[in-house]
Amino acid sequence: MSPFHRLMASLAAAVVLGAGLTACAEERLTGVCDVVLDGSGSAKPVTGFDAGDRIKQELPRLLNEAGCRNVTFEQITGSSRAAYCRVKNLDVDPDVSGNVDRDSLRAARQDAAVKRAGDLLGCVHTDSREVPGSDVLGGLWRAVEERPAREVPYHLIVFSDFLATDPVGSTHGLNLYTADLTTPAKRRALIEQLAASGRIPNLSGVQLVTIGYGMLQSADPAKFAGFDAFWTELLKDKAKCALPPKKV
């Protein structure tokens, strides 16, 4: 074989080897999930929404589908942006040395995320410093404050019925149990009031996943229509969220 042909054969072998190594390289998770938990209506049969139960049923699957490596946790209370309870962030796909079954490791870490979310809900229910109510917008705002600066897939996984209720006695308080959302004009007026108060977060580029959305309102189709139109308009026009909320 001539020197030229030997060189070409060596290059070809190197290409094949490199391709094999690339194929064997582990694909790592890169996304970020912020799990937002509504503690106000949890475990209240009248609402039909138990956040703790839905977390156990849904969270591992949702984390897996979103491809999220880093998971953070926030709560919805009557004053979400000033909430007290905290739990640590979680790496679902951590760096480990030696041979490891990545699927088993991730599954175990996703189960750990369920426990951590349950711990946060437990704190919300028992810590007297937490304000009763359901400041949904404040919970979303606090979550996106933790959004990473780098460009990675970012998901908000929100366990809430989205029936926002400010604490009793709040000035111009929001209460979607009693608010009149029957006409576009009335919905727009309430949305503009919230925007003027600086309460609507910027959700541009966020992948929004909702669990429990509209569960109580869906029992009355007329009420749900206004409720759904309110949130869809607010999230699309003011929060700049590309995905509308879904009843799941």
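Details
- In segment 71-87 there is at least one residue that is among the hydroxyl-bearing types (S, T, Y), part of a helix (DSSP H, G or I) and crowded, with 18+ Cβ neighbours inside 10 Å.
- Residues of segment 173-202 classified as over 21 Å from R142 (Cα atoms) and either of a type outside the set (V, I, T) or in a helix (DSSP H, G or I) (or both), total: 11
- You will find that of R129, R187, R150, R142, the residue that is in contact with a helix residue (DSSP H, G or I) (Cβ under 7 Å, 6 or more places away or on another chain) and either more than 22 Å from D228 (Cβ to Cβ) or modelled with pLDDT under 90 (or both) is R142 and no other.
- Residue that is farthest from S40 (Cα to Cα) [pool: residues in segment 88-130 that are assigned to a loop (DSSP other than H, G, I, E, B) and among the hydroxyl-bearing types (S, T, Y)]: S97
- Among the residues of segment 203-242, the ones that are exposed (fewer than 15 other Cβ atoms within 10 Å of the Cβ) and assigned to a loop (DSSP other than H, G, I, E, B) come to 5 in all.
- Among residues of segment 127-151, those that are in contact with an Asp or Glu (Cβ under 8 Å, 6 or more places away or on another chain) and among the basic types (K, R), counted: 2
The values are calculated or read from the model by the stated rules, or taken from the named source; none is laboratory data. Since the model is a prediction, treat every value here as computed from it, not as a measurement. Using ideal geometry, Cβ is built from the backbone for each residue, glycine included, and neighbour counts are taken over all protein chains shown.
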